[in-house]
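Let me begin by presenting the structure, written as structure tokens, before commenting on it.
The values are calculated or read from the model by the stated rules, or taken from the named source; none is laboratory data. What you see is a predicted model, and the numbers here were worked out from it, not measured in a lab. Using ideal geometry, Cβ is built from the backbone for each residue, glycine included, and neighbour counts are taken over all protein chains shown.
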Amino acid sequence: MKKVLVFCEYTADKIKKGSLEVLSNALHWDGAEVSVAILGAPGKLASLTNEIKNTSAKNIFLVSDESLSTYSPDGYAKAIANLVKENGFQSILGTVSSQSKDFFPRVAIRLESGMASDCTEFSVSGDTIKATRPMYAGKCYAEIDFSKSPVAIATIRPNALGNKELKSGSAEVKEVSANLGGVKAKVLELVAKSGGADKVDLTEADKIVSGGRSLKNSENFKILEDLASVIGATVGASRAAVDAGYRPHTDQVGQTGKTVSPSLYMAFGISGAIQHLAGMRTSKVIVAVNTDAAAPIFQKADYGVVADLFEMAPALTEAFKKALH
Amino acid sequence: MKIFVCVKQVPDTETKIKIASDGKSIDTSGVKWILCPYDEFAVEEAIRFKEKNSSATITVLSAGPDRVVDSLRTALAMGCDDAIHIQSTENADSFITARALAKAIEKEGPAYLVFTGKQAIDDDAAQVHQALAESLDLAAATVVLNAEYGDGVVRLSREIEGGALEKYELKTPCVIAAQKGMNEPRYASLPNIMKAKKKEVKKMNLSDLGIQETDQKISYSKMTLPPERGECKMISGDVTTAATELVRILKDEAKVI
Ligand SMILES: Cc1cc2nc3c(=O)[nH]c(=O)nc-3n(C[C@H](O)[C@H](O)[C@H](O)COP(=O)(O)OP(=O)(O)OC[C@H]3O[C@@H](n4cnc5c(N)ncnc54)[C@H](O)[C@@H]3O)c2cc1C
């Protein structure tokens, strides 16, 4: 049996989708006793338990401190590491996010333990932990041996495990004071990207519509935006499109951009360079539209259309509208 | 004023990854090695800092097998002053690497700033920056897009989901992990490349730093290549027909819509 702690993140008043995905899976592992940790300022956390208190999690720890009113890498690390020491957790899990990526490595050092980042598989059965993570941007996969790590720490990629039902039960909520006595670094201000606030981030997106150099300018991306809005997708881009200034770097998919694994990835006018494929090859279904029947992207796609994207994208927008309404 | 830059040597992004015969590492024969692209931003940032602060000296460090000396020389050619090679193994985990780098920095320090890339593009672990900072008991920020250096303080922006920015103010010494776009890394000039070839690279062993290979916390028990996809189903017909057919397939067969 393993005592597992799931670190849950939230935006505004809701637990993040990715955190719920990790939790819902953990609750189904036989051989895991699962608890949850939520961090923040005192008195601000209770309402976040609504979604998860009627689950089979053992405890929900609301860990608070004045200095955790905004995110702090060293503050979060200290709070989690102390909670783990006090309660004897043997594994700490979180969804891959800008927070977990940032502070989990500090937790690992504090607990003299190892960490596996960005796992695409993770499960506990009895005393056995099974974890797999992509390396070389998905060009290969490695199974992780945690046997020499006192605590098995991992972040798990959104959409990789899939959402399970949140097993019902009644979790006990416990308020814990982190007693940090100050932190070294914390967020002073959060500046949202204009127009980007309500969009799902590429790394969390369930559907992605991507465009390449062939879009020719940023205005033309409108045809992909239109398609994306019909199916609830996020727009991505190849590096060539980003380098040409058609899209910001935050939209870049690939080895030096974002690694994504949506259930649907649609590539318009993207040749399929190895660095691009590295970032999206774990997508469940890949569709490619390209004028060149010999484009390498077709070797990695599930469905392909040899066509001009300027005709195909609007036609798809119309076809989706018809099919969905 | 000592500035440290921690870098890693990684396979070129064009590399086709092959699994070695032991089944748990990659076959490195024929791999072209490069300085990790994110570390180039870290090196450049250190050099720009030095250009504005004449008392600064930059030490570049890398932990890894002997081949990593080439990447140290690339960083020297760009403008770093000294280099340290920590002799370590091919598959050392982030725990050992961070501890080793921290110990070396403690030995050679005190540090005023430590720069790293946001992630190495081989194991993609993205752990050493914060792990190193924790080992040194320093503040750190990762995925940093821009930084302003004041007296004993660094004001910086870190990129998070959706391109939003978190603003921090860190007291020095601190660790800063560069994101692409933080600056435009320079190319080394030929004379500087020649000079860098002659520079001495200081060697350290893990044991000099009080670390043993057996301190490693995680290892790889098996590596596999991703499963090949089935053949691509090509959809033909005029644009409207193809679009309708594709939508039907995505909805009814692939069930992703
Ligand atoms: C260190 C390094 C890191 C890199 N990292 C990344 C990365 O993270 N992400 C990334 O994407 N790339 C990356 N690259 C770049 C990569 O090698 C390719 O250059 C890039 O992906 C090409 O982008 P593209 O497919 O948009 O352009 P191109 O390769 O130019 O392809 C354009 C495609 O559009 C098709 N086309 C043209 N017109 C039309 C039309 N009207 N309708 C339909 N199709 C059309 C063409 O047939 C062609 O296949 C990296 C490269 C290096 C060296």
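A Cβ distance below 9 Å, combined with a sequence gap of six or more or placement on separate chains, defines the contacts here; from region A:306-323, residues that are over 15 Å from A:Gly212 (Cα atoms) and facing another protein chain (nearest Cβ under 8 Å) reach residues that are surrounded by fewer than 16 Cβ atoms within 10 Å (Cβ to Cβ) and of a type outside the set (D, E, K, R) in the pairs A:Val306/A:Thr291; A:Val306/A:Ala293; A:Val306/B:Met234; A:Val306/B:Ser236; A:Ala315/B:Thr240; A:Glu318/B:Thr240; A:Ala319/B:Thr240. A:Lys222 satisfies every condition listed in (1) more than 14 Å from the ligand (Cβ to nearest atom); (2) within 16 Å of the chain's Cα centre (by Cα) except (2).
Using the structure shown, decide if B:Thr214 is closer than 30 Å to B:Val69 by Cβ, free of Cβ contacts under 8 Å to residues at least 40 places away in the same chain and either facing chain A (nearest Cβ under 10 Å) or within 21 Å of the chain's Cα centre (by Cα) (or both).
Values: closer than 30 Å to B:Val69 by Cβ: yes; free of Cβ contacts under 8 Å to residues at least 40 places away in the same chain: yes; either facing chain A (nearest Cβ under 10 Å) or within 21 Å of the chain's Cα centre (by Cα) (or both): yes.
When the stated conditions are applied, B:Thr214 passes them.
Here the condition is being more than 8 Å from chain A (Cβ to nearest Cβ) and buried (at least 20 other Cβ atoms within 10 Å of the Cβ); of B:Ala98, B:Ala178, B:Ala141, B:Ala126, it holds for B:Ala178 alone. If the condition is being in contact with a Phe, Trp or Tyr (Cβ under 6 Å, 6 or more places away or on another chain) and facing chain B (nearest Cβ under 7 Å), then region A:86-114 contributes A:Phe103, A:Gly114. When region A:101-156 is limited to residues that are within 30 Å of B:Leu138 (Cβ to Cβ) and polar (S, T, N, Q), the one that is surrounded by the most Cβ atoms within 10 Å (Cβ to Cβ) turns out to be A:Thr155. Sort through B:Glu231, B:Glu200, B:Glu148, B:Glu253 and tell me the only one that's over 30 Å from A:Met135 (Cα atoms) and not assigned by TED's automatic domain parsing to the domain that holds B:Glu108. That would be B:Glu253, the only listed residue that is over 30 Å from A:Met135 (Cα atoms) and not assigned by TED's automatic domain parsing to the domain that holds B:Glu108. Of all the listed residues (A:Ala154, A:Ala160), the sole one being part of a strand (DSSP E or B) and of a type outside the set (D, E, K, R) is A:Ala154. Restricting region A:254-272 to residues that are facing chain B (nearest Cβ under 8 Å) and more than 6 Å from the ligand (Cβ to nearest atom), the residue that is modelled with the highest pLDDT is A:Leu264. Taken over region A:161-202, residues that are under 27 Å from A:Leu62 (Cα atoms), touching a strand residue (DSSP E or B) at 6+ places or on another chain (Cβ under 9 Å) and touching a residue at least 24 places away in the same chain (Cβ under 8 Å) amount to 23.
When A:Asn179 is tested against (1) outside any strand (DSSP E or B); (2) within 14 Å of chain B (Cβ to nearest Cβ), exactly one condition is not met: (2). Count of region B:2-32 residues, restricted to those that are surrounded by fewer than 22 Cβ atoms within 10 Å (Cβ to Cβ) and within 13 Å of the ligand (Cβ to nearest atom), is 6. Being within 9 Å of another protein chain (Cβ to nearest Cβ), part of a helix (DSSP H, G or I), among the polar types (S, T, N, Q) and within 7 Å of the ligand (Cβ to nearest atom) is a property that holds for A:Gln275. Restricting attention to region A:197-219, the residues that are modelled with pLDDT of 95 or more and either part of a loop (DSSP other than H, G, I, E, B) or surrounded by fewer than 18 Cβ atoms within 10 Å (Cβ to Cβ) (or both) total 6. Strands (runs of 3 or more DSSP E) wholly in region B:1-111 with at least 1 residues that are within 28 Å of A:Ala273 (Cβ to Cβ) and of a type in the set (Lys, Arg) - which ones? Hits in region B:1-111: none.
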